[in-house]
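The values are calculated or read from the model by the stated rules, or taken from the named source; none is laboratory data. This is a predicted model, so every value here is computed, not measured. Note that we place each Cβ from the backbone using ideal geometry, even for glycine, and neighbour counts take in every protein chain shown.
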Amino acid sequence: MLSKEENDLITRTNDDSPLNDMMWRYWLPALLSQELPDSYSKPVAVRLLGEELVAYHLADGRVGLLQEHCSHRGSSLVYARSEGDCLRCIYHGWMYDVDGNVLDTPAEPARSVIKNKVHHPSYTTHETAGMIGAYLGPKDKQLVFPNYRFTEAPEENVYVTKVLMDCNWLQGVEGECDSAHVSLLHQRYDQLAEGRPILHDLAPEYETEETDFGLRLVALRKQNDRTQQYVRISSFVMPCEVWVPVFNREIHFYVPIDDTRTWRYDLGYLKRPVTQADVNRAHSDR
Ligand code: FES
């Protein structure tokens with residue numbers, strides 16, 4: 001059991017918290033592609049690790065990610081106008097490019113050089129598998145985007161959903177790692193008719209294995225005839241993912257919004273095109 005101090009240490013999302021220090025070093029899902037459907041979409045507010053950000057489409061399809069509050073007087077850039085690959089704040093017209101450079105300050109005197117002195121916080125993004133990932137850490141420490149198998153799957157074989165969880169990210173991960181609930185919460189007695197096993201053993205034994213990516217979690221359940229075991233293997237993958245055996249494989253990301261709220265993204269991929277029934281079933285089977 002964690003002490004309150006230990007719990008705070010790994011759930012607080014202040015700027016200088018150890019959690020942010022660690023999470024900023026990884027690529028994290030920031031929003032779904034469908035939240036920014038095309039280059040004419042309005043900028044969208046993004047909340048991540050206590051940061052208030054804004055995402056927008058560039059003309060070439062890339063996604064820009066800037067600090068939400070204008071470096072001039074703090075207006076929200078959610079209301080900014082997209083101009084080519086830039087955002088123009090609607091208050092006094094400061095214009096920012098995707099790297100946070102200030103290109104125009106129309107309300108300043110002609111002799112003003114303030115735009116050369118201000119740099120607006122900007123972040124790197126990477127879009128794949130229906131999600132837009134963000135890297136918020138130091139630029140010189142940026143990791144290459146992970147080459148997971150789902151990043152190479154055909155678009156039509158992948159599904160991704162997003163839900164708001166009213167708890168901190170660690171509570172979500174803890175629930176996911178606790179495999180015992182699967183025998184009760186997700187038990188479906190109609191599975192017998194489909195030839196799928198019923199989980200008779202409600203108190204699985206656990207084994208864990210430390211790996212270079214995180215932890216491998218093994219739940220062992222006796223089958224009724226006692227000659228076989230049902231072995232359910234899932235993995236905690238740093239910094240906030242759990243890979244679970246739903247269908248082919250499903251990945252659940254628990255991304256901190258702030259100290260008490262979390263975005264959960266569920267990403268799955270099949271060996272054939274996904275149907276809506278697949279997505280519904282994956283979610284009802286958990
Ligand atoms: S507050 Fe944005 S330009 Fe003034």
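Structural remarks
- Checking Y96, Y91 one by one, the residue that is surrounded by fewer than 21 Cβ atoms within 10 Å (Cβ to Cβ), more than 14 Å from T124 (Cα to Cα), in contact (Cβ under 8 Å) with a residue 12 or more places away in the chain and within 16 Å of the ligand (Cβ to nearest atom) is Y91 and no other.
- Some residue of the stretch 36-43 being assigned by TED's automatic domain parsing to the domain that holds L9 and within 16 Å of the ligand (Cβ to nearest atom): yes
- Single residue of the stretch 224-237 satisfying the filter (of a type outside the set (G, A, S) and in contact with a Leu (Cβ under 9 Å, 6 or more places away or on another chain)) that is nearest to P146 (Cα to Cα): V237
- Meets criteria (within 13 Å of the ligand (Cβ to nearest atom), in contact with a Gly (Cβ under 7 Å, 6 or more places away or on another chain) and modelled with pLDDT of 95 or more) for P106: yes
- Lone unmet requirement of (1) outside any loop (DSSP other than H, G, I, E, B); (2) closer than 17 Å to R62 by Cα for D99: (1)
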